[in-house]
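What follows is one structure encoded as structure tokens, with my remarks underneath.
Since every read-out is calculated from the coordinates, none of them should be taken as a lab result. Small disclaimer: the values here were computed from a predicted structure and weren't measured. All Cβ positions, glycine included, derive from the backbone under ideal geometry; neighbour counts span all protein chains shown.
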Amino acid sequence: MKRILGLFLLAALAAGSVQALNTTPLQLGFAGDSAQLFPPETKVMGLRLNLAFSENKDVMGIDGGLFSLSDRLTGIQLNLANWVEAEFVGVSVGLFSTMGSATGLQAAMFNTVEHDMSGFQVGVFNLTDDATGLQIGLINRAVSLRGLQIGLVNIVEEGPLKFFPIVNAAF
């Protein structure tokens, strides 16, 4: 345990030297911007651990913990709840996942993408505006689709088939 704490302390000290560039290789978050190592404006390029909640504008790397909030994230997210307000690229896994736009894999019980989703959504409930790729879930909904939906309820608001159970496709 002392060795692990020592490594975290060493990483935090190293991260402090990079702070002049407004970038850090390590972010530890306990309760958002009021209780995390670096302010939300600091770009994380490396590892962000959300012991409860972290908030950073830009994250590139691995993001893990309970609750995560970012404007942009490129990498791997493993949180109970993932929230990327603008652009996500990579793999996101959790119970709840909300993105502005997403490229890659979004796997959660509840997945939402406000704008464009390019890739895969896997979950109980998948929701997006413009989908390019594959949605697999109990309920899948897209405004427009260039791809395939597999689930009990499949809805494409601007598709040739607005509703079709089991499999729905539009190209």
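Give a residue-ordered list of calculated ³J(HN,Hα) values for segment 62-69 (Karplus: 6.51 cos²θ - 1.76 cosθ + 1.60, θ = phi - 60°; whole Hz; x for Gly, Pro).
10, 10, x, x, 8, 9, 10, 10
Computed from the coordinates I sent, Rg and Dmax of the Cα atoms in Å equals one of (1) 17.7, 71; (2) 18.1, 61; (3) 26.0, 98. Tell me the label.
(2)
What distance in nm lies between label points placed 7 Å from Cα along the C-beta direction at Phe96 and Ser144?
Going by the 7 Å Cα→Cβ label model, 3.0 nm.
How large is the convex hull of the Cα atoms of segment 57-152 per residue, expressed in Å³ as a whole number?
Numbers: hull volume 5.4 nm³, N = 96.
Residue-normalised Cα hull volume stands at 56 Å³.
Against the longest principal axis of the chain, how steep is helix 2-18, in degrees 0 to 90 to the nearest 10, with axes from Cα atoms?
90 degrees
Give me the dipole magnitude in Debye, nearest 20, for segment 14-121 about the Cα centre, with unit charges on the beta carbon: positive for Lys and Arg, negative for Asp and Glu.
Details: 4 positive and 10 negative charges, 58 e Å.
Computed charge dipole of segment 14-121: roughly 280 debye.
Which parts of segment 45-71 would a label at Ala86 reach, counting a residue when its backbone N lies under 14 Å from a point 7 Å out along Cα-to-Cβ?
Once the point is set 7 Å along Cα→Cβ of Ala86, 56-60, 70-71 turn out to lie under 14 Å by backbone N, inside segment 45-71.
Rounded to two decimal places and with Rh computed the Kirkwood way over Cα pairs, what is Rg over Rh for segment 122-171? Before the final figure, lay out each step's value.
Numbers: Rg = 8.7 Å, Rh = 9.8 Å.
Ratio of gyration radius to Kirkwood radius: 0.88.
Starting at the first residue of segment 151-163, write each ³J(HN,Hα) from the Karplus equation 6.51 cos²θ - 1.76 cosθ + 1.60 with θ = phi - 60°, in whole Hz, x for Gly and Pro.
x, 5, 10, 10, 10, 10, 4, 10, x, x, 10, 5, 9
Under the definition of Cα pairs under 8 Å and six or more residues apart, what whole-number percent is the relative contact order of the chain? Can you show the working numbers first?
Numbers: 519 pairs, mean separation 14.8, N = 171.
Value for the chain: 9 percent.
Averaging sequence separations of C-alpha pairs under 8 Å and six or more residues apart, then dividing by the length of segment 103-146, give the relative contact order as a whole percent. Walk me through the numbers before you get to the answer.
Numbers: 110 pairs, mean separation 14.0, N = 44.
Relative CO of segment 103-146 lands at 32 percent.
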